[in-house]
Amino acid sequence: MRHRYCDSEYGRLREALLCPPAEMGPGSDEPEVFADTRLAAEQHRELVRVLQGEGVECHLISAHKSRPYQCYTRDSCAVTPWGLLRTRMGFGARENEPGIVERYAMSLGIPLWKQVTHGTLEGGDVQILRSGLVVIGHNGVRTTEDAALQVKSWFEECGWTCRVVGYPPTLRHIDLALGVLGRASLICCREMLELEEVSWLAEKGYTIHELPAEECLNMGCNILNIGGGTVIAHAHSERSNELLQRLGLRVIKVNVSEFAADLGGIHCLVQAVRREPA
């Protein structure tokens, strides 16, 4: 079949789904997600400008104060080669987001592929490494093992290899510990993954560029590969950015400090919806 949507994390990104942070008005009963919402909004606009400057069409979901976390569009769905995987949020405050994303995706012509019905699973735990190979993370907090196994079975029905990987509850999603640099190249925090998982990735032909735990928590692995040897990375992740540049990648540094303070990052803020086949 012709892959119409996303069959990797490194094919050239053509379209992406984002949502600006909601502005909380005076007296709002909703939680304040960011210390400075206006700064968060400006940082998000800059991220959109960068993406547009790189030729990415950005689709923006309208923000609403009742959904203060929807700015992390990576989590409320996952986009596969066959369409939208509707997730089931592990964080109760976000339970309405997948339905909103599904309706928006359908307006873009992206069909519903599957819908999680067992346990909970969030999109930041689905990493399509390359065509035919996917990793699903779980730590029992946002994504549970039963949901991960359900999604694994669907990928396998399509002839793909899928690995369910556990990681510590100190991380919100696996995309904080694992970033895709290319078809056979990863940036990874070994301390956050079991040795057998790292060995499995090596067996699949991956060169693994290691970062320590403190850089992982500093969002060093939470990069967005937009294809063509270019990644968008956190401006403050100096050690990670130096490594990426040494590897010959073009690194666009964006300051999203307000989101990083909430343990969210660039990869979390951008849901790829169309990539060129890898």
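Take the stretch 82-109 and flag every residue that is part of a loop (DSSP other than H, G, I, E, B) and crowded, with 21+ Cβ neighbours inside 10 Å.
Within the stretch 82-109, THR87, MET89, GLY90 meet the criteria.
State all residues of the stretch 175-208 that are free of Cβ contacts under 8 Å to residues at least 60 places away in the same chain and either closer than 18 Å to PHE259 by Cβ or among the charged types (D, E, K, R) (or both); if no residue qualifies, say none.
Across the stretch 175-208, the qualifying residues are ALA177, ARG190, GLU191, GLU194, GLU196, GLU197, GLU203.
What pairs come up if the first residue lies in the stretch 40-69 and is charged (D, E, K, R), the second is in a helix (DSSP H, G or I), and their beta carbons are under 8 Å apart, counting only those six or more places apart or on different chains?
ARG67/ARG94; ARG67/GLU97; ARG67/ILE100
If you go through the stretch 128-146 one residue at a time, do you hit one that is open to solvent by less than 30 Å² (accessible area, probe 1.4 Å), among the small types (Gly, Ala, Ser) and touching a Lys or Arg at 6+ places or on another chain (Cβ under 7 Å)?
No: zero hits.
LEU247: modelled with pLDDT of 95 or more, open to solvent by 10 Å² or more (accessible area, probe 1.4 Å) and not polar (S, T, N, Q), yes or no?
Spelling it out, LEU247 is indeed modelled with pLDDT of 95 or more, open to solvent by 10 Å² or more (accessible area, probe 1.4 Å) and not polar (S, T, N, Q).
Filter the stretch 123-178 for residues that are under 20 Å from PRO212 (Cα atoms), assigned to a strand (DSSP E or B) and touching an Asp or Glu at 6+ places or on another chain (Cβ under 8 Å) and give the result.
GLY137, VAL165, GLY166
Any idea which of (1) in contact with a Gly (Cβ under 7 Å, 6 or more places away or on another chain); (2) open to solvent by 10 Å² or more (accessible area, probe 1.4 Å) is the one ASP175 doesn't satisfy?
Just one mismatch for ASP175, condition (2).
Can you name every one of the strands (runs of 3 or more DSSP E) wholly within the stretch 209-255 that holds 3 or more residues which are touching a residue at least 40 places away in the same chain (Cβ under 8 Å)?
224-227, 230-234
The values are calculated or read from the model by the stated rules, or taken from the named source; none is laboratory data. Quantities reported herein were computed from a predicted structural model and do not represent experimental measurements. All Cβ positions, glycine included, derive from the backbone under ideal geometry; neighbour counts span all protein chains shown. These accessible areas exclude ligands, DNA and RNA; they are computed on the full protein's heavy atoms, side chains included. Shrake-Rupley method; radii C 1.70, N 1.55, O 1.52, S 1.80 Å.
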